[in-house]
Amino acid sequence: MKKLWTAFGTLAIAAGVALGSAIDQINYSTGNLDGQTGGGSSGFAGAWDDTAGTPEITVDAGSLVPSATMRTGYATAGNSVKSPVGAGANDDFFASRQLTTAIDMNSGNTYYFSFLVSGSWTDQSTKRGWNVGFSTVGNGLTGGITIKNAYNTSNLSYASAGTETGFTAVTDFSSGNAYFIVGKMATSNGGNDLLSFKVYGPSETVAATEEWDVANNTIVSSSSLGYLVIQGRVNNTGSFYKFDEIRVGDTWDSVTIPEPGSASLILGAGLIALARRLRRR
Ligand SMILES: [Ca+2]
Ligand SMILES: [Ca+2]
Ligand SMILES: [Ca+2]
């Protein structure tokens with residue numbers, strides 16, 4: 001049996017199974033996001049937690065459909081997350097989900113992630129903003145590293161604890177389109193942590209190999225990012241944001257050709273072959 005588990009470890013590495021990978025396609029029934037779990041999601045230690053502030057983020061019917069041309073094999077599933085709808089006053093929203101394996105910003109590992117975002121607003125001056133990324137805590141952005149769309153701008157930034165730094169101006173960042181965002185964090189113990197991201201909108205095609213709008217932006221962090229977070233604010237009547245298809249992995253492929261279960265299928269087939277071989281000995 002020991003031999004089997006040693007072989008299992010070797011096989012897992014060979015099959016490219018990312019330790020610390022996570023996927024959430026928001027494949028839940030409609031209603032409150034708080035408490036949602038299962039639905040084919042993996043890599044999380046528990047359910048969605050929307051109790052920080054008011055639990056008012058919902059699972060909305062239908063998956064977001066990317067505005068960009070996606071790589072072959074990319075498929076969406078289930079539904080999507082919807083912020084509260086603005087009713088005229090500032091309305092802050094926040095929800096988190098704990099990862100099974102925290103993103104260690106001192107590990108020397110490289111992490112990739114992707115997600116979809118869309119929204120509805122009248123013009124830039126009527127929308128507020130959002131953060132999607134990772135935090136040290138499940139009730140705020142403490143020590144967090146996120147992708148941020150700030151108030152009154154079409155710029156998308158990297159943010160450290162909610163404060164934006166490097167950014168790209170997304171000229172077509174407009175109401176109604178679902179943007180596909182890919183990020184990368186190359187972590188270092190003692191040196192600079194390097195953050196890159198790419199935004200794909202209408203008439204763009206997702207590349208087969210990694211490319212970035214903002215490359216190797218420096219944010220020095222020693223944080224252990226144990227939580228996926230969605231945060232933001234709406235304040236104009238009728239405005240809202242939607243988020244979907246969140247993935248964490250260790251390669252560009254793992255977050256741009258999301259084929260849920262393909263890695264485990266390869267692993268499963270390999271294990272069956274291995275067990276047969278061991279039985280024959
Ligand atoms: Ca909340
Ligand atoms: Ca979905
Ligand atoms: Ca670091």
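Taking the Cβ-Cβ separation of Thr218 and Asn152 as r and a Förster radius of 25 Å, what is the calculated FRET efficiency to the nearest 0.05? Provide the component values of the computation, followed by the final result.
Working: r = 26 Å, r/R0 = 1.03.
The pair Thr218/Asn152 has a calculated efficiency of 0.45.
Which of the aspartates and glutamates could a cross-linker bridge to Lys198, judged by Cα under 19 Å and excluding same-chain residues fewer than eight apart?
Leaving aside aspartates and glutamates fewer than 8 places away in the same chain, those within reach of Lys198 are Glu164, Asp172, Glu210, Glu211, Asp213, Asp244, Glu245, Asp250, Asp253.
Check Val170: other-chain or 5+ apart residues with amide H under 5 Å from its amide H, H built from backbone geometry?
Excluding prolines and chain starts, which carry no amide H, the hits are Asn155, Leu156.
Between the range 33-111 and the range 186-241, what's the alpha-carbon centroid distance in Å?
With the range 33-111 and the range 186-241 each reduced to a Cα centre, they are spaced 14 Å.
Provide the per-residue ³J(HN,Hα) series for the range 156-165, in order, calculated from phi with Karplus coefficients 6.51, -1.76, 1.60 and θ = phi - 60°, each as a whole number of Hz, with x at glycine and proline positions.
Per residue, the Karplus-derived 3J(HN,Hα) values read 10, 10, 8, 10, 10, 6, x, 9, 6, 10 Hz.
Determine ³J(HN,Hα), in whole Hz, for all residues of the range 107-112 in sequence, where each value follows from phi through the Karplus function 6.51 cos²θ - 1.76 cosθ + 1.60 and θ = phi - 60°; x replaces Gly and Pro.
7, x, 7, 10, 10, 10
Starting from the Cα gyration tensor of the range 119-220, take the square roots of the eigenvalues, sort them a ≥ b ≥ c, and report rounded, prolate or oblate (rounded when a/c is under 1.5, otherwise prolate if a/b is larger than b/c, else oblate).
On the way: a/c = 2.18, a/b = 1.28, b/c = 1.70.
Oblate, since a/c reaches 1.5 and b/c is not below a/b.
Does the range 21-260 classify as rounded, prolate or oblate by the C-alpha gyration tensor (a ≥ b ≥ c root eigenvalues; a/c under 1.5 gives rounded; else a/b over b/c gives prolate, otherwise oblate)? Could you put the intermediate results ahead of the total?
Values: a/c = 1.23, a/b = 1.18, b/c = 1.04.
Because its axes are fairly even, with a/c under 1.5, the range 21-260 counts as rounded.
If packing is taken as the mean number of other Cβ atoms within 10 Å per residue, what is the order of 165-176, 133-144, highest first?
133-144, 165-176
Can you compute the modelled spin-label distance between Asn32 and Asp123, with each label point 7 Å from Cα toward Cβ, in nm?
Calculated label separation equals 3.8 nm.
Quick one: 3J(HN,Hα) in Hz for the range 166-173, Karplus 6.51/-1.76/1.60 with θ = phi - 60°, rounded, Gly and Pro as x.
Those phi angles translate into x, 9, 10, 7, 9, 5, 9, 6 Hz.
Coordinate-derived values only; no laboratory data. Small disclaimer: the values here were computed from a predicted structure and weren't measured. Note that we place each Cβ from the backbone using ideal geometry, even for glycine, and neighbour counts take in every protein chain shown.
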